[in-house]
1. Just to be sure I understand the model, the point goes 7 Å from the Cα along the line to the Cβ. What's the resulting T121 to K72 distance in nm?
2. Suppose a student asked you for the relative contact order of the stretch 1-67, using Cα pairs under 8 Å spaced at least 6 residues apart; what percent would you report?
3. Between beta-carbons, use under 13 Å as the cut-off and find the net charge around F14, counting Lys and Arg +1, Asp and Glu -1.
4. What is the diffusion coefficient of the chain in µm²/s, taking the Kirkwood radius over Cα pairs and the Stokes-Einstein relation at 37 °C with a viscosity of 0.692 mPa s?
5. Over the chain, what is the relative contact order in whole percent, taking alpha-carbon pairs under 8 Å and six or more residues apart?
6. Can you compute the helix-only [θ] at 222 nm over the chain? Use -39500 (n - 2.57) per DSSP H run of at least 4 residues, normalise by all residues, nearest 500 deg cm²/dmol.
7. Any idea what the dipole of the chain comes to, in debye rounded to 20, about its Cα centre with Lys/Arg Cβ at +1 and Asp/Glu Cβ at -1?
8. Residues in the stretch 30-56, backbone N under 17 Å from the label point at K3 (7 Å along the Cα-to-beta-carbon vector): list them, ranges by number please.
Amino acid sequence: MAKPVIVTIDDQSFICEIIKHDLGNDYDVKTFTSGNEGIKFVNESPPDLILLDYEMPEITGYGVLMAIRSKKQTMDIPVIFLTGVTNKRLEEEMLERGANAFTNKPINFTVLRQLIQKHLTGK
């Protein structure tokens, strides 16, 4: 059986590598350090779940989320935000606009794995 595909979009390459290292045994992790590259891949090959940084230079996580939610073939993909920003209002706003979950950096992989499992089985 094929592993579920998780796309990670984070402008910090070391975050992408940590995620790939930690989740790679259980998931097929594709990483992108550019929001626009991530969007292009997701549109061409929709994954099972997306891990998304909020603060990125060329396009914010919000911009990526809106691009994903605007297309029929990608609108239902679960999106979990990973962020160093601790702002309840921002978290509420992103959840209202279509994010499935939020978790903070530094990443707690126990919590992240629980969120991934919850949203993959909820599909």
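All of the numbers you see were taken from the coordinates with simple rules; none came from a lab. Just so it is clear, the structure is predicted and the values come from calculations on it, not from any experiment. Counting neighbours? That spans all protein chains shown, and the Cβs are built from the backbone with ideal geometry, glycine included.
1. According to this spin-label approximation, the distance is 3.2 nm.
2. 38
3. Summing Lys and Arg as +1 and Asp and Glu as -1 gives -3.
4. Once the numbers are plugged in, D ends up at 232 µm²/s.
5. Once normalised by length, the contact order is 21 percent.
6. The helix contribution divided over the chain gives -12500 deg cm²/dmol.
7. 360
8. In the stretch 30-56, the label zone of K3 (backbone N under 17 Å from the point 7 Å along Cα→Cβ) covers 30-32, 47-51.
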